[in-house]
Structure formats: C-alpha cells, structure tokens
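Everything on this sheet refers to the single structure shown next.
The values are calculated or read from the model by the stated rules, or taken from the named source; none is laboratory data. Being a predicted model, the structure only gives us computed values, none of them experimental. Heads up, the Cβs are rebuilt from the backbone with ideal geometry, glycines too, and the neighbour counts pull from every protein chain shown. Quick note on the areas: whole protein, heavy atoms, side chains included, nothing else; ligands and nucleic acids left out. Shrake-Rupley method; radii C 1.70, N 1.55, O 1.52, S 1.80 Å.
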Amino acid sequence: MRDAFSGTFRDTFKVSILPFSALIFGIFLLMLLVYFANSIQIFQKEGIEIYTTNKWIASEDPEKEFYGVLAAIYGSIYSSVIAVVIALPLSISFAVFVIDYAPSKLKEWFIIATDIMAGLPTIIYGIWGAFVLVPFLKDFVMYPIYNHLSFIPFFSFEPLSGYSFLSAGVLLGIMVTPFASSIIREAYRMIPFKYREAVFSIGATRYEATKILLSYIKPAIVAGVILAFGRAIGETVAVSLVVGNTFNIHPSLFAPGYTISSLIANQFGNAFIYEYMVSALFAAGLSLFFVGLAVNLLGMYILRRRVHE
Amino acid sequence: MSWKNWENLAVMGVILVILFSGCIQNSEKPTSLQTPKATVQETVTIIGSGATFPQPQIEKWIDVYSKVKPNVKIEYTGKGSGGGQNDFKQGLVDFACSDPPLKESLWRELEKKGEPLQFPMIIGAVVVAYNIPGIDNLKLDGKTLADIFMGEIEYWDDVKIRELNPDANLPHEKIIVVHRSDSSGTTKIFTTYLGLVSDEWKEKVGAGKTVEWPVDKLGRGDGGKGNPGVVAALKTTKYSVCYTELAYVYKENLKMVALKNKAGNYVIASPQTIKAAASEVSINVPPPTKGYKEDMKAFLNAEGENSYPIVAFSHMLIWKNYEDKARENAIKEFAKWILTFGQKDENIVKGYVGLPPELSSKLIREMGL
C-alpha cells in the first residue's frame with residue numbers, strides 16, 4: 001500500500017504529462033458540451049424529428065421553420081461506406097505491394113507520393129472531382145450500368161447529372177486511401193521477420209503467406225478503416241462539389257444526395273438570419289459525434305471478438 | 001531525475017506563454033505601426049463586411065478611392081449579406097453591404113443603438129443561363145420558367161418551350177435544374193420573381209434565401225455552392241439550366257435566356273435593359289432613414305418596353321452618427337464618392353450597372369452628405 005502510494009508521487013514524469021492528456025480530453029468534452037447546448041433549442045421545438053424527417057424549410061417566419069436532416073445523415077453514412085469499401089482493398093494491396101514487391105529504389109517514391117496525396121488540400125480533389133471524375137463516371141460507369149441493370153435497386157436511378165452518392169463515395173475513397181494505406185503499411189512493415197520466415201518455412205505460397213501475415217495485423221487494418229471512415233464522413237468541400245446537394249433519400253448509387261458536413265458548410269454562412277437554423281445545424285453536427293462513436297464501438301467489438309478467438 | 005522532468009515542464013510552459021503572448025502582440029501591432037506614418041492628416045481605417053455579390057465592385061471602388069484619398073484605408077470582407085447585417089448590428093464593422101434590404105425587426109433593433117441609413121449603391125441582375133449544345137437563342141416567359149424550376153416540364157422539347165421557340169431544334173433530353181445549395185440573396189430574388197409571375201410557384205414553393213426545390217425530389221435537381229459552384233455544375237452538365245448573376249455569365253461566357261418582360265418583349269440582360277428597368281422602378285426606393293420599407297417585389301418585373309425583369313439593388317448600411325467624428329467624415333465622404341464618382345462608367349465593373357443619376361442625387365440629398 002505504502003509502496004504504491006509513494007510510487008505514484010515519485011513518478012513525476014507521469015504527473016507532468018497528466019495535464020496534457022487531461023487538456024485533450026477536456027477539449028473533447030467541452031466541444032461535445034457546446035454542441036449539445038446549442039442543439040437544445042431545436043430539440044425543444046422539434047424533438048427527435050430533427051433526425052427522423054427529411055424536410056428543410058427555412059422561413060423568415062419562425063413559426064414555419066422546420067428542419068429534418070435525415071437525408072443528410074443517410075447521405076453521410078452511405079457515401080462514407082462506399083468510400084471505405086473502395087479504400088480498403090486499394091490500401092491493403094498498395095501496402096503489400098510497397099513492402100513486399102516494389103523495387104527498393106521505387107519504394108520510397110511510392111511512399112512519398114501517397115504522403116503527398118494525403119496532404120493535398122481537399123479543394124484540389126473537389127475540383128478535379130467535379131470537372132473530371134463526375135463526367136467520367138457518368139459516361140463510362142453509371143450510364144452503361146444503368147442501361148443494362150436498372151432493374152436492380154442499386155442502379156435504378158438515371159444518372160442525369162452524375163452528381164451522386166457514387167461520385168462522392170469514389171472521390172472520398174481516393175482521398176482516404178493514403179491514410180488507411182499508411183497505417184496498414186507501417187503495421188505490415190513491422191511484422192517481425194521471424195514470422196515471415198516461419199510462414200514460408202511451412203511451405204506457404206506468397207499469396208497464402210500474405211493472407212496469414214495480414215490477419216496478424218488485423219487491429220491496424222481496423223484502425224485504418226475507422227480513421228478512413230472518420231475522414232470520409234467529415235469531408236466537406238470536396239464532397240459538396242460532387243454529391244449534388246439535394247435532400248434526397250434513395251437507395252440507388254446514382255442518385256444525388258446530401259451529407260451533414262456539406263450541409264453545414266452550405267448553410268452556416270447565413271444561418272443566423274433564421275431563428276432555429278443555427279441550432280438545427282449544431283444538432284446535425286452532434287449526429288456526427290454519435291455516428292463516430294458507433295463506428296468506434298463497432299471497431300472495438302471486432303477487435304475484442306478477435307481476442308476471444 | 002525528477003527535477004529534470006519539472007524543468008522540462010517549466011520549459012514547455014514558458015514556450016506556451018511565449019506563443020500566446022506572440023498572438024496578442026501581433027494583433028496590437030498595427031496601431032503602433034500606424035502612428036508614425038501619420039503625416040498631415042491622421043490615417044483613418046474603415047472596416048466593412050457583407051454581401052459577396054457586390055464584392056468585386058466594392059474592391060474596385062476601394063482601389064480607385066485609395067488613390068484619391070491615400071489617408072483613408074478601407075477594408076471589406078465578403079461573407080454574405082446576413083453575415084454583414086450581423087456584424088453591423090454587433091458593432092464590429094463601420095459599414096455593411098447587403099443585397100436584400102433590411103427587415104423591419106432588425107431595423108428596429110438597430111434604431112436602439114443609433115440611426116441606421118440604408119441606400120442602394122449598385123444594380124445587378126439575376127439571369128437564367130443554360131447549357132444545350134446547338135441552341136443559342138432560347139426564349140422563355142415567367143410562367144414557363146417557373147414550370148421548369150418546379151420540375152413540371154420534364155423535357156427540353158416540351159410543347160410549352162417549343163411554342164416560345166418555334167425555330168429552335170430542341171432536343172428530347174431531360175432538363176437538369178441547377179440551383180444554389182447555400183442560402184443566398186440571389187435565390188431570394190429569383191424565387192420572389194417566380195412567385196410574382198406564377199401563382200403556382202408562390203403557393204407550392206414560395207420565396208426565400210433557401211427553398212425546398214420540388215425538382216430535387218424528382219432527381220433532376222442539383223445544388224451548387226455559391227455562384228462558382230452553380231456555374232461549374234452548369235458547364236459540366238449538358239441540358240442543364242441555372243440562375244446566377246450577370247457578372248458570372250460575362251466571366252464564364254455562358255448562354256443567357258431571353259426573358260419575356262411585362263410589356264411582352266423578350267429581353268436579354270445587358271447594361272441597357274437593366275438601366276431601363278432601374279429607371280422605371282427607382283421611384284420605389286424609400287428614403288435611407290426608412291430603409292426597411294424597401295420591397296424587393298417593387299423592382300421585379302418592371303414596366304417598360306426594354307426592361308429586364310429580374311433586377312435588384314445591392315445596398316450599403318452606415319450609421320448617421322459615429323462616436324469618432326474623423327471616422328464619420330471619412331465614411332460619409334466615401335459614401336458620397338460612391339454615389340457620385342463611383343457611378344461613372346469607368347469605375348463600374350463589367351456585369352454591374354450604376355444607379356440612375358436622379359436616384360443617386362436624391363439619396364445624397366436625403367442623407368445630407
């Protein structure tokens with residue numbers, strides 16, 4: 001008992017880093033509190049309907065105002081899931097290629113290239129997306145699929161403008177791949193050499209060896225996915241240029257929609273002209289906290305299940 | 001060992017303090033730098049914020065004015081009409097610019113703090129631009145335009161459009177409607193106009209800075225952020241139509257729809273047709289001391305053979321009295337300069353139109369400048 005007590009106090013290093021970690025946690029709590037406090041007004045007016053309806057009636061008469069951000073929540077999750085589905089195979093195969101296969105002279109260049117991609121301002125992706133990616137996807141991906149497979153709900157919407165969940169998802173997938181890839185790559189690089197030797201010594205082919213080694217770094221892959229999802233759902237400028245910005249809930253990949261982040265970016269400038277819009281946007285932001293929490297819990301669940309195995 | 005940790009902590013703390021104090025010093029610097037610069041007259045800095053629509057014009061005025069009056073420094077931040085109104089109310093800026101006139105409720109709040117003055121400074125037009133390859137002279141009337149933006153007309157070769165354009169070879173393609181996704185004075189002007197010319201629009205959609213676009217629910221709508229976003233979407237999307245401001249159409253070389261005015265003529269927005277409309281409606285501009293009485297509707301769908309139907313004034317807001325008299329003089333001189341020399345053709349940016357001379361002299365008289 002006495003040992004533990006004095007031990008705590010003797011360890012001044014521990015004490016000295018405490019304020020900094022407390023600061024970070026405190027900022028997070030404070031942010032959550034601010035979002036909550038600012039959303040109360042809209043919760044009192046509409047209750048949970050802010051999250052369950054799809055309406056956006058901005059009126060200078062406060063009586064008529066009504067905000068429901070369901071379409072934007074749907075769009076945020078939809079486009080981010082597409083992004084992760086695209087980014088995951090890309091980033092895993094890129095990581096494996098860079099570490100195992102790339103000629104050592106090129107390796108560093110590949111890594112530098114992805115680091116630059118990760119650091120590019122998002123507006124650059126956005127403009128490229130609006131002028132190059134969207135017309136390309138529309139003419140060479142969406143219309144061919146729509147013309148032949150429009151009986152499947154996923155492809156049932158005529159891609160008139162090309163601005164759609166798919167465009168947003170593909171652009172986001174490209175944007176978040178460098179992040180997911182660098183986490184997976186570093187973890188893959190760190191696998192002790194004796195494990196590699198062991199795998200090959202039992203006669204595994206290169207494909208089998210890679211499969212076994214990847215399962216060894218599953219926590220890093222899950223972390224990469226969570227980070228990628230978080231980046232994707234929070235992305236603002238680039239998405240709002242390609243998603244279409246219309247309040248729409250449609251199962252089709254080719255339908256235009258909205259996301260929470262682009263909704264806030266679009267509407268915040270003039271929001272305080274209206275009585276309730278600022279509060280509605282804070283509530284919309286708050287929903288992203290919940291989505292983030294849910295994704296993190298899911299990640300933890302996947303990892304814990306692995307430990308039990 | 002333990003002391004070293006405390007030392008490290010102390011060093012970190014000192015660094016933090018230096019960083020923060022650096023910020024504070026930076027923000028104080030300008031005042032200390034300006035004092036020795038003052039020569040005969042002291043330098044006055046005027047700060048304004050507000051609408052982005054007249055921003056290029058205001059920047060041009062500031063540029064020219066700073067050559068005439070080197071001792072007056074003017075800074076303008078474009079953040080939207082609403083942002084400017086709020087800054088002005090909070091006393092953060094000396095003047096503000098707003099496209100829509102102030103609402104009465106805000107005006108009353110301002111009157112508790114002083115005497116606000118609102119005057120139009122420049123005229124703009126909202127135009128309908130389109131992207132149909134091979135079609136160059138599209139003509140529409142207000143009712144048909146409203147039907148298109150409501151989504152009731154689905155194809156470009158609809159009978160209603162064909163009737164107005166008998167010679168055009170309109171394609172059987174779906175119409176894609178591009179609108180603003182952010183809240184905007186441009187949307188307010190455009191939707192107000194559509195409400196004037198179509199009862200159905202007024203009932204179903206209404207007017208406002210953001211509206212619920214019925215065409216979005218049909219999947220043929222697309223929202224772009226700001227005028228640049230709308231124009232980018234229009235350029236990359238064939239068979240689309242949008243509304244934007246005249247200056248952007250000139251800049252991006254877009255095709256404009258000729259709109260049917262009240263007299264029944266089809267007119268394209270141009271300095272001549274906008275001026276024609278402005279001189280018809282400038283009688284409806286209220287005195288600057290009663291700015292809230294201005295009604296946007298009174299300027300739309302103007303009479304006159306050659307009047308373009310969707311014009312709007314962009315306004316400036318100042319106080320009648322400022323605590324600092326040197327500042328008050330500088331602001332009023334600038335306002336007067338805008339209404340006189342600022343309205344000359346060489347000081348007007350392409351895409352904007354100056355006020356009719358009789359209106360600007362009336363405003364100067366009423367404000368006692």
If the Cβ limit is 8 Å and pairs must be 6+ apart or interchain, which residue in the range B:275-292 that is in contact (Cβ under 8 Å) with a residue 60 or more places away in the chain and among the polar types (S, T, N, Q) pairs with which residue that is in a helix (DSSP H, G or I) and surrounded by 21 or more Cβ atoms within 10 Å (Cβ to Cβ)?
B:S282/B:L359
Do we have B:N301 as part of a loop (DSSP other than H, G, I, E, B) and not charged (D, E, K, R) here?
yes
Quick one: what pairs do we get from the range A:97-125, first residue under 18 Å from A:A228 (Cα atoms) and open to solvent by less than 80 Å² (accessible area, probe 1.4 Å), second at pLDDT below 90 and of a type in the set (S, T, Y), C-beta under 8 Å, 6+ apart or different chains?
A:T122/A:T236
Failed criterion for B:L196 (all others in (1) at the interface with another protein chain (Cβ under 8 Å from one of its Cβ atoms); (2) more than 25 Å from A:S252 (Cβ to Cβ) hold):
(1)
For the range B:232-244, give me each residue that is open to solvent by 10 Å² or more (accessible area, probe 1.4 Å) and touching a residue at least 12 places away in the same chain (Cβ under 8 Å).
B:K235, B:K238, B:Y239
Residue in the range A:166-203 that is nearest to A:A238 (Cα to Cα), counting only those that are open to solvent by 20 Å² or more (accessible area, probe 1.4 Å) and of a type in the set (G, A, S):
A:S182
Determine which member of the set B:I318, B:I331, B:I364, B:I338 is open to solvent by less than 50 Å² (accessible area, probe 1.4 Å), outside any helix (DSSP H, G or I) and either at pLDDT 90 or above or among the acidic types (D, E) (or both).
B:I318
Please specify each residue of the range B:93-113 satisfying the condition of being among the hydroxyl-bearing types (S, T, Y) and surrounded by fewer than 19 Cβ atoms within 10 Å (Cβ to Cβ).
B:S105
Any idea which of A:L293, A:L303 is open to solvent by 20 Å² or more (accessible area, probe 1.4 Å) and touching a Pro at 6+ places or on another chain (Cβ under 6 Å)?
A:L303
When you scan the range B:173-189, do you find a residue that is surrounded by fewer than 19 Cβ atoms within 10 Å (Cβ to Cβ) and facing chain A (nearest Cβ under 10 Å), even just one?
yes
Testing B:V230 on (1) at pLDDT 90 or above; (2) more than 8 Å from chain A (Cβ to nearest Cβ); (3) under 19 Å from B:I153 (Cα atoms), one condition comes back false. Which one is that?
(3)
For the range B:63-105, which positions are in a helix (DSSP H, G or I) and over 17 Å from the mean Cα position of the chain (by Cα)?
B:D63, B:V64, B:Y65, B:S66, B:K67, B:V68, B:K89, B:Q90, B:E104, B:S105
So, of the residues in the range A:244-285 that are more than 9 Å from every other protein chain (Cβ to nearest Cβ) and under 17 Å from the mean Cα position of the chain (by Cα), which turns out to be surrounded by the most Cβ atoms within 10 Å (Cβ to Cβ)?
A:T259
State the number of residues belonging to the range B:251-279 that are crowded, with 19+ Cβ neighbours inside 10 Å, closer than 21 Å to B:P228 by Cα and in contact with a helix residue (DSSP H, G or I) (Cβ under 7 Å, 6 or more places away or on another chain).
2
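Yes/no matrix, rows are residues, columns are (1) among the basic types (K, R); (2) open to solvent by less than 30 Å² (accessible area, probe 1.4 Å); (3) more than 14 Å from every other protein chain (Cβ to nearest Cβ):
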{"residue": "B:A51", "(1), (2), (3)": "no, yes, no"}
{"residue": "B:P70", "(1), (2), (3)": "no, no, yes"}
{"residue": "B:G91", "(1), (2), (3)": "no, no, yes"}
{"residue": "B:P116", "(1), (2), (3)": "no, yes, yes"}
